[in-house]
1. Output the number of the condition that ARG82 fails; it satisfies all remaining conditions of (1) more than 20 Å from GLY134 (Cα to Cα); (2) of a type in the set (Lys, Arg); (3) crowded, with 23+ Cβ neighbours inside 10 Å.
2. Enumerate the pairs (first residue in segment 297-314 and over 22 Å from ALA14 (Cα atoms); second residue anywhere and open to solvent by less than 80 Å² (accessible area, probe 1.4 Å) and among the β-branched types (Val, Ile, Thr)) with beta-carbon separation below 9 Å, excluding pairs fewer than 6 apart on the same chain, so at least 6 apart or on different chains.
3. Scan segment 144-175 residue by residue and report those that are in contact (Cβ under 8 Å) with a residue 40 or more places away in the chain, open to solvent by 40 Å² or more (accessible area, probe 1.4 Å), over 22 Å from ILE275 (Cα atoms) and not in a loop (DSSP other than H, G, I, E, B).
4. Looking at PHE300, PHE282, PHE273, PHE258, which is the one that is exposed (fewer than 14 other Cβ atoms within 10 Å of the Cβ) and of a type in the set (Phe, Trp, Tyr)?
5. Do the conditions hold for HIS99, that is, is it over 22 Å from the mean Cα position of the chain (by Cα) and either surrounded by fewer than 17 Cβ atoms within 10 Å (Cβ to Cβ) or not charged (D, E, K, R) (or both)?
6. Pick from PRO213, PRO200, PRO179: which is part of a loop (DSSP other than H, G, I, E, B), modelled with pLDDT of 95 or more, open to solvent by 20 Å² or more (accessible area, probe 1.4 Å) and not hydroxyl-bearing (Ser, Thr, Tyr)?
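The values are calculated or read from the model by the stated rules, or taken from the named source; none is laboratory data. On a predicted model such as this, the values are computed, not experimentally measured, just so you know. Backbone-built Cβ (ideal geometry, glycine too); neighbour counts: all protein chains shown. All accessible areas refer to the heavy atoms of the entire protein, side chains included, with ligands and DNA or RNA removed. Shrake-Rupley method; radii C 1.70, N 1.55, O 1.52, S 1.80 Å.
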Amino acid sequence: MQLTGIHHLTAISAAIRDNKRFYTDVLGMRLVKRSVNQDDVSAYHLFYADAKGAPGTDLTFFDWPVPRERRGTRSIVRTCLRVHGGATMRYWVERLDAHRVAHGELFEVDGRAVLRFEDPEGQRLAFIDDDGAGDPPTPWERSPVPAEHQIRGLGPIVISIPTLSPTDALLTHVFDMRPVHDFPHPDNPATRVHVFEMGPGGPQAELHVAVQPDLPVARQGAGGVHHVAFRTPDADYDAWAERLNESGVPNSGKVDRFWFRSLYVREPNGVLFEIATDGPGFAVDEDPATLGEKVVLPPFLEPHRQRILAGLKPID
């Protein structure tokens, strides 16, 4: 029983209309699900992904009117977006320049080409050349980005913690991730980044753990990340719930999000992890051709549709 890679990452936006414009118009991702935060129905929950919303391609946002994140440790600090090939990396340099999105230089991290940049709220992102690894994505034909240059999925995800050992114990002994190597942090060579691998390995199945005890503790906010989710086959979900409980790991218990089922764990340094099933997927309640075009609610919220929609602001 193994986790098979990154499932999705959920971040925070205080400017959700601008957020939608950036991720669809600039980054060319498809809005595959327009819903609400199931625990706070006053807030949108938007899901950007490949054309069909495949697990491993979802970058999602909660719409919360909160101050900007205070950066620091005990947090998720960068989300890598996988693309393929040197020509595509150069394409993104030119596209970011054309849209006046500030970015760093192309450089190499852990043997892979990387281009770091931020969204308008300071969300820390990076394009990474995945050399074609991972599940083949489904290009979105209406994307402003040519199919060969579109984002292929997520990973690696980078977290910052002050102390490695308790997080290492959870990742290796409970989540069954493999510590494979470490490398110098690109901003501070004295800091080590430890690579933990899931399932088949590769950039779509890596968690990068930077040990940074000298940083202040982060304060979550706009431009920051709420949690990262790891993939599990549907058939293993109940067994993961049992493993967490048998291992004495505090967790949410089983949570049915309708499009996938979840288990939430806050690791010892405070970063929120989720285990999420691959299915049933976003097409379970929408025509694949019109994903994300209207607000969709899980069945338990549907009786409250009128009230929920009245509390949402237009984003188109």
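1. (1)
2. Note: pairs meeting the criteria are LEU301/VAL36; LEU301/VAL41; LEU301/ILE308; HIS304/VAL41; ARG305/VAL295.
3. GLU148
4. Numbers: PHE282 fails: exposed (fewer than 14 other Cβ atoms within 10 Å of the Cβ); PHE273 fails: exposed (fewer than 14 other Cβ atoms within 10 Å of the Cβ); PHE258 fails: exposed (fewer than 14 other Cβ atoms within 10 Å of the Cβ).
Result: PHE300 is the single residue among PHE300, PHE282, PHE273, PHE258 that is exposed (fewer than 14 other Cβ atoms within 10 Å of the Cβ) and of a type in the set (Phe, Trp, Tyr).
5. Here the answer is yes, as HIS99 does meet what is asked.
6. PRO213
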